[in-house]
Amino acid sequence: MNNTQESFISKFFKLESAGGIILMISAVLALIFANTPLRSYYNFLLDTPVEIRIGALEIAKPLLLWINDGLMTVFFFLVGMELKRELIEGELSDKKNILLPGIGAIGGMAVPALIYIYFNISDPSSLKGWAIPAATDIAFALGVLSLLGSRVPVSIKIFLTSLAIFDDIGAIIIIAVFYTANISLISLAVVAVCILILSLLNKRNPESTGLYIVVGVVMWVAMLKSGVHATLAGVLLALFIPMRSKTNPDYSPLKSLEHDLHSVVAFFVLPIFAFANAGISFTDVGAEQILHNVPLGIALGLFIGKQVGVFGFCWFTTKIRLTSLPKGMSWGSLYGTAALCGIGFTMSLFIGSLAFEETGINLIFDERLGIILGSLASGILGYLVLRMSLPSGNRQV
């Protein structure tokens, strides 16, 4: 591995792991607010109405939905740019690096979803949350991984990051296909026009990315009104940001914008989202609430489903000799990494809000309880397994 690649991966890992630690702090603060006399202020803040009106166009939502529909669009925009870069010239451009994390991601989404479905098959309303345990929170997972320091080989970090990228692709597809409201054809027509304009801009390849952002904002508003979830506008916009400048071959508009947004997302967007969505009150919580089919399906999906899905699918793929373990990774460290994939937190919370916000049944409490329990157990197990399986003083390879 060359020094440039090592430097990039090292910087990326440090940023993501630091963001994961901030994410943990934000989640803890939310729990403190929700379980102390500060709870009324916490709920008042999230329920604060925020309205933007331009002529007949009106967007009126409580602050919580501005965070989930607005700020998270910035997160998905960054995810989209990372996907594009990785597929063009990153780790995923080499087919040898795609197969194992790709297969692991498929197992890590399918098995948790099946476990959740098993517990909720008889309840159509609860069944809408089937995709909640299918998600992996890369920032949280890397945050836990960073606690092991230099003992963790670069190959494990690359595997976990690549698997999370495939996981994000799956989450984007699930949101687009399964979590849409009533469709507005007029709004979708506006989205189509925006995509056409972005395509023309991409062909002209202007130096400034400002024009792309302006069109992206219009597309976000149209997507918000269309019934398709607005965060997908961020992914679509990312696909049209040029990888290279025509006038300056050494300049990458996409990489520049990605670099500028990394810190914003890691240290602002995701922590705010975590603070706004992780505030669950444990007052009167007992065995009945924990063993309810929704939190139980989510918790077991994340804790057991991710381990079985990621590790089992990767093991089978290597046994039939389609691929092999990356250099520096053992079966023990693979199992520990698979356990870390059970940290679903951010994406699970996001999908949970989409799954239950229009059911008319208050399952948000159940959803967050299962996510917190499953993610916490997965993080602890993954850390302990990796601590035991990785040799002390292991050099990064």
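Some values worked out for this structure:
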| read-out | value |
| --- | --- |
| For Glu82, Glu51, order by how many other beta-carbon atoms lie within 10 Å, fewest first | Glu51, Glu82 |
| Other-chain or far-sequence residues with amide H under 5 Å of Val50's (modelled H) | Lys61, Leu63 |
| Expected 222 nm ellipticity per residue - DSSP helices of 4 or more, -39500 (n - 2.57), all of the chain, to 500 | -20500 deg cm²/dmol |
| Rounded if a/c under 1.5, otherwise prolate or oblate - region 188-242, Cα gyration tensor axes | prolate |
| Fewest-first sequence of Arg368, Arg85, Arg244 by Cβ atoms within 10 Å of each Cβ | Arg244, Arg85, Arg368 |
| Ranking of Asp69, Asp168 by count of other Cβ atoms within 10 Å, fewest first | Asp69, Asp168 |
| Subset of Lys128/Lys225; Lys95/Lys203; Lys84/Lys128; Lys225/Lys306 violating a 25 Å alpha-carbon distance limit | Lys95/Lys203; Lys84/Lys128; Lys225/Lys306 |
| Most to least packed among 297-304, 219-226 [average Cβ atoms within 10 Å] | 297-304, 219-226 |
| Gain in span if fully extended, Lys319 to Thr180, counting 0.36 nm per residue against the direct Cα distance | 46.1 nm |
| Cα gyration tensor shape of region 226-351, rounded if a/c is under 1.5, else prolate or oblate by comparing a/b with b/c | oblate |
| Amide N proximity, region 241-274 versus Ile21 label position 7 Å along Cα-to-Cβ, cut-off under 14 Å | 267 |
| Pair Val264, Leu188: separation of 7 Å Cα→Cβ label points (nm) | 3.0 nm |
| Label assignment, Cα Rg over 2.2 N^0.38 Å derived from the structure, set (1) 1.04; (2) 0.93; (3) 0.98 | (3) |
| Net lengthening on full extension, Ser122/Ala60 (0.36 nm per residue, minus Cα-Cα) | 18.7 nm |
| Of the DSSP H helices in the chain, those whose Cα atoms cover at least 27 Å axially and whose Kyte score averages -1.0 or more | 3-34, 99-120, 154-178, 185-204, 364-389 |
| Ranked packing of 39-49, 345-355, most packed first, by mean Cβ within 10 Å | 345-355, 39-49 |
| Pair Leu239, Val217: separation of 7 Å Cα→Cβ label points (nm) | 2.4 nm |
| Label-to-label distance, nm, for residues given as Leu291 and Ile88 (7 Å Cα→Cβ offset) | 5.5 nm |
| Theoretical gain in end-to-end length, Leu196 to Trp331 [0.36 nm per residue, Cα-Cα removed] | 43.8 nm |
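Where a number appears in this text, it was derived from the coordinates with a stated rule and is not lab data. Please read all numbers here as calculations on a predicted model, not as lab measurements. All Cβ positions, even for glycine, are placed from backbone atoms using ideal geometry, and neighbour counts span all protein chains on display.
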